[in-house]
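The values are calculated or read from the model by the stated rules, or taken from the named source; none is laboratory data. In this text, all values refer to a predicted model and were calculated from it rather than measured experimentally. Backbone-built Cβ (ideal geometry, glycine too); neighbour counts: all protein chains shown. Heads up: the accessible areas ignore ligands, DNA and RNA and are worked out on the full protein's heavy atoms, side chains in. Shrake-Rupley method; radii C 1.70, N 1.55, O 1.52, S 1.80 Å.
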Amino acid sequence: MLVKYNIKGKTAMKIAMVTGHRPKGLNKVMKYGDYDDIQFMEYVESMGYIVDKHLRDGYDLFISGGAIGVDLDFAEMVQHLRGTKYSHVKLEIAIPCDNQDLKWSLDDKQRYKEILADAEIITQVGHKFTSWCMQKRNEYMVDKADKVIAFWNGEEHGGTWNTIQYAKKRGKEIEIIDLRSL
């Protein structure tokens, strides 16, 4: 496991991680990326509210898996709030493998690189892509976190669902944001 740390000061941290869908899963409940879509705007606003609430509750390290969709949206929200009123907050990006962004668009790759450049911690869980590397990354995040925040579309299969189930088995505190109710 490769880890880049750039944290100064306090070492004991209250940690929350995010799990959620990629655009395909998000499009089942909203027009993902469409700022004219009410559900998409409610998703963005709820994400801001939830991150802010956790910051006020003393969480100071947030972990994102860095995938397109909820992961990158969440990372950007943490970075935004750090830049406006919570300068102490730290962001960790947990990468499943060397080339997570191999098949991404140039715009998504650029967004990812910018988020990585601004993260205090980058943890690479595996080296090569395997059929289980994403789940291994998710398990790493759950195991490290005090709380799991899940943006869920209601489907009881896939990576988000598996992460919620793993968090339950590990006895983690879980907050589920049901995207169908936005």
Quiz item: Mind checking which pairs have a first residue in the range 28-52 that is small (Gly, Ala, Ser) and a second that is open to solvent by 40 Å² or more (accessible area, probe 1.4 Å) and at pLDDT 95 or above, Cβ under 8 Å, 6 or more apart or different chains?
Solution: 48/80
Self-check item: Identity of the residue in the range 151-161, out of contact with any helix residue (DSSP H, G or I) (no Cβ under 6 Å at 6 or more places or on another chain) and either hydrophobic (A, V, I, L, M, F, W, C) or part of a loop (DSSP other than H, G, I, E, B) (or both), that ends up surrounded by the fewest Cβ atoms within 10 Å (Cβ to Cβ)
Solution: 157
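Look at residue 151 and say whether it is modelled with pLDDT of 95 or more and aromatic (Phe, Trp, Tyr). Talk me through it step by step, then tell me what you get.
Numbers: modelled with pLDDT of 95 or more: yes; aromatic (Phe, Trp, Tyr): yes.
It is true that residue 151 is modelled with pLDDT of 95 or more and aromatic (Phe, Trp, Tyr).
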Quiz item: Looking at this structure, is residue 112 assigned to a helix (DSSP H, G or I) and out of contact with any helix residue (DSSP H, G or I) (no Cβ under 9 Å at 6 or more places or on another chain)?
Solution: no
Exercise. Sort out which residues of the range 162-173 are open to solvent by 50 Å² or more (accessible area, probe 1.4 Å) and within 20 Å of residue 22 (Cβ to Cβ), and write them in order of number.
Key: 162, 165
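Select, from 48, 83, the only residue that is in a helix (DSSP H, G or I) and at pLDDT below 95.
On the way: 48 fails: at pLDDT below 95.
So the residue among 48, 83 that is in a helix (DSSP H, G or I) and at pLDDT below 95 is 83.
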Self-check item: Pairs where the first residue, in the range 141-165, is aliphatic (A, V, I, L, M) and the second is in a loop (DSSP other than H, G, I, E, B), C-beta under 7 Å, 6+ apart
Solution: 141/65; 142/170; 142/172; 145/172; 148/172
Quiz item: In the range 123-131, is there at least one residue being of a type outside the set (Lys, Arg), touching an Asp or Glu at 6+ places or on another chain (Cβ under 7 Å) and modelled with pLDDT under 95?
Solution: yes
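Take the residues of the range 124-150 that are hydroxyl-bearing (Ser, Thr, Tyr) and over 14 Å from residue 66 (Cα atoms): which is least open to solvent (accessible area, probe 1.4 Å)? Even if it seems obvious, please write down each step before you answer.
The first filter runs over the range 124-150 and keeps only residues hydroxyl-bearing (Ser, Thr, Tyr), leaving 130-131, 140.
When the remaining residues are screened for being over 14 Å from residue 66 (Cα atoms), the result is 130-131.
On the way: 130: 64, 131: 104 Å².
In this case the residue turns out to be 130.
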